[in-house]
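Next up is a structure, given as structure tokens.
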Amino acid sequence: TLAMVGTGIYVKDADSDKFARISGMTGVSQSVVAFQNGFGAAGQFQNSDGQINGVAVSPDNGASWDLIDIGTNTTMGYYARYAAFPSADTWYVSTGTWPSDDEKASSRQLNKHVSKTGDFRVRVPSLKGYDSYIGNIVKTTDGGATFSEVLNTKGQYYFNAVHCADDNNCIAVAEGGSGAVGYHTTDGGANWDMIGTEEATG
């Protein structure tokens with residue numbers, strides 16, 4: 001079992017009743033996925049080698065971890081949020097953020113995790129004052145050596161999940177100021193169909 005908190009990654013073995021923190025690494029993540037013989041998490045991580053925006057991958061059930069930066073040239077400079085690991089070499093990672101403008105934020109839920117109430121203020125440093133939902137999905141087919149963009153929401157949506165049945169068949173769900181939407185690909189991200197739209201109600 002794997003868990004993420006603001007201070008790092010915690011693993012619980014099947015024969016234990018407690019989580020133990022992985023030493024030498026800190027980070028935050030909204031996405032933790034079991035795959036192959038290990039785990040993958042998307043977010044921002046740091047170890048003695050430095051800080052990355054991308055994925056933390058363990059091929060051995062949490063015993064060791066590789067930190068892989070997805071690069072800013074394919075992510076529009078925004079944070080890694082959610083990931084899918086359909087095979088050892090093919091991974092999909094969503095990036096993006098949501099509006100941080102106080103006036104705009106006061107009238108709606110920011111996303112499924114965060115809402116504004118009272119004097120609480122949400123700040124996203126990379127997008128301070130920006131008024132759009134940002135989202136894209138990047139893909140690697142070589143185990144993280146290179147990434148390329150396969151989907152961009154053009155400033156309309158922020159992704160809340162991406163899941164894949166195999167290397168080619170994936171579904172991603174996203175939200176924006178006008179509602180929520182699902183995307184579906186059957187050809188490894190070369191083409192995406194918009195499915196399951198839902199209009200916002202306030």
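The values are calculated or read from the model by the stated rules, or taken from the named source; none is laboratory data. Small disclaimer: the values here were computed from a predicted structure and weren't measured. Please note: Cβ atoms are built from the backbone with ideal geometry, for glycine as well, and neighbour counts cover all protein chains shown. To get the accessible areas, we keep the full protein, side chains included, count just its heavy atoms, and leave off ligands, DNA and RNA. Shrake-Rupley method; radii C 1.70, N 1.55, O 1.52, S 1.80 Å.
Could you say which residue among 99, 86 is assigned to a loop (DSSP other than H, G, I, E, B) and modelled with pLDDT under 85?
None of the others qualify; the one that does is 99.
Now, a different point. Determine which single condition residue 60 fails, assuming it passes every other condition in (1) touching a residue at least 24 places away in the same chain (Cβ under 8 Å); (2) within 18 Å of residue 143 (Cβ to Cβ); (3) open to solvent by less than 70 Å² (accessible area, probe 1.4 Å); (4) over 12 Å from the mean Cα position of the chain (by Cα).
Going through (1) touching a residue at least 24 places away in the same chain (Cβ under 8 Å); (2) within 18 Å of residue 143 (Cβ to Cβ); (3) open to solvent by less than 70 Å² (accessible area, probe 1.4 Å); (4) over 12 Å from the mean Cα position of the chain (by Cα) one by one, residue 60 breaks only (1).
What are the residues in the stretch 30-40 that are of a type outside the set (A, V, I, L, M) and either within 14 Å of residue 85 (Cα to Cα) or open to solvent by less than 30 Å² (accessible area, probe 1.4 Å) (or both), if any?
Passing the criteria: 31, 35, 36, 37, 38, 39, 40.
With respect to the numbered conditions (1) modelled with pLDDT of 80 or more; (2) surrounded by 22 or more Cβ atoms within 10 Å (Cβ to Cβ), which one is the sole condition not fulfilled by residue 75?
(1)
For the stretch 6-27, name all the residues that are surrounded by fewer than 16 Cβ atoms within 10 Å (Cβ to Cβ) and closer than 29 Å to residue 166 by Cα.
Hits for the stretch 6-27 are 12, 13, 14.
So residue 43 passes all but one of these: (1) at positive phi; (2) surrounded by fewer than 17 Cβ atoms within 10 Å (Cβ to Cβ). Which condition number does it fail?
Looking at each condition in turn, residue 43 falls short on (2).
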